[in-house]
Amino acid sequence: MWWNFTVLSLQSCLLAKADTKPKTDNLAELEEMQRMASPGVLKGYLEEMVPMLVDFALRVAFALFIYLIGKKIIRWIRKIIKRALEKSAADEGLCQFLDSAAKIFLYIVLAMAVVNQLGIATTSVVAVLGSAGLTLGLALQGSLSNFAGGVLILLFKPFKVGDYIIEDTHKNEGTVTEIQIFYTKLLTVDNKTVVIPNGTLANSSLTDVTHQDRRRVDLYVGISYDSDIRQAKEILREIAEEDPARLAEEDTVVFVDSLEDSSVRLGLRFYTPTSEYWNAKWRVTEEIKVRFDENEIEIPYNQLTVSLKND
């Protein structure tokens, strides 16, 4: 058989080693080595190893098969969960959070099944994890805080997917695109993705810019003390009322905000739909400059006057 060559080789090595031992060695030890080198003993040892290796190879093959099938089953289960949540008209952030949680849980179950197939008792794994619970808790306290923050966000809904928020602590801002189990993703106006831990969002103040369907535009402009205040106010009112984004049911307010050192500061307030806020603000600001120039209303700016005195 195929192991005869291996047996003879091992026998030769053991006998060579025995020949090199000093003559003063114990005779019983030499006899034991010769017995181990006999073809019958080595053949029996190898015959015992072959079934073990075959069994281990089969376990590895079945574990790989379970992993591949398990991945497809997890993908199928996640699709079912998504469809069920979509039919129930659940919030998009809740759908993303539950999908992320289900994915982690199902992969943990799959990992336990693979480990069990390899011959490692799952009870032993659980016992080891339990004994190391304190260490894991300290190591994962940040992740647990983020998980708890995600749950709080979904329960109290300070914002939802699609809202534009400003995180006041670090001044991160953008449109919420995903609420995952540990993190929330924002898309900035210049198309960058900002990832913020849920714990940070749950434990700090933030501003939800788009939570309401309407928003007030506040504009301030300074005019010269020599200009006609009433005319300037009337022009501001006309500009605001002519803007197509202004909400007609809301009042337009024009007022003198303050008397500065070199200008009279006028204020203008009107409401627009939230989606039209920036376009309306930019459009009205440009129109103010154009109309003031047409009516010779001066907008002061800082300037330095130098007077030379001749002796």
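Ordered by 1.4 Å accessible area with all protein chains kept, VAL176, VAL306 run largest first as VAL306, VAL176. Distances between placed amide hydrogens fall under 5 Å for VAL209 paired with TYR164, ILE165, ILE166, all partners being 5 or more residues away or on another chain. Normalised per residue, the accessible area of the stretch 171-262 is 59 Å², obtained with a 1.4 Å probe and no contribution from ligands, DNA or RNA.
Computed from the Cα positions only, the extents of the stretch 223-275 along the three principal axes stand at 36, 18, 15 Å, in decreasing order. Classified by the C-alpha gyration tensor, the stretch 186-311 has an oblate form. Its axis ratio a/c, with a ≥ b ≥ c, is 1.5 or above, and a/b does not exceed b/c.
Each residue of the stretch 254-263 was assigned a 3J(HN,Hα) from its phi angle through the Karplus curve 6.51 cos²θ - 1.76 cosθ + 1.60 (θ = phi - 60°); the sequence is 10, 8, 8, 7, 6, 10, 7, 4, 10, 7 Hz, with glycine and proline shown as x.
If the chain linking VAL195 and VAL109 were pulled fully straight, counting 0.36 nm for each residue of separation and taking away their Cα-Cα distance, it would gain 28.2 nm.
The values are calculated or read from the model by the stated rules, or taken from the named source; none is laboratory data. As the structure is a computational prediction, the values presented were derived from the model and not from experiment. The accessibility values were calculated without ligands, DNA or RNA, using every heavy atom of the protein model including side chains. Shrake-Rupley method; radii C 1.70, N 1.55, O 1.52, S 1.80 Å.
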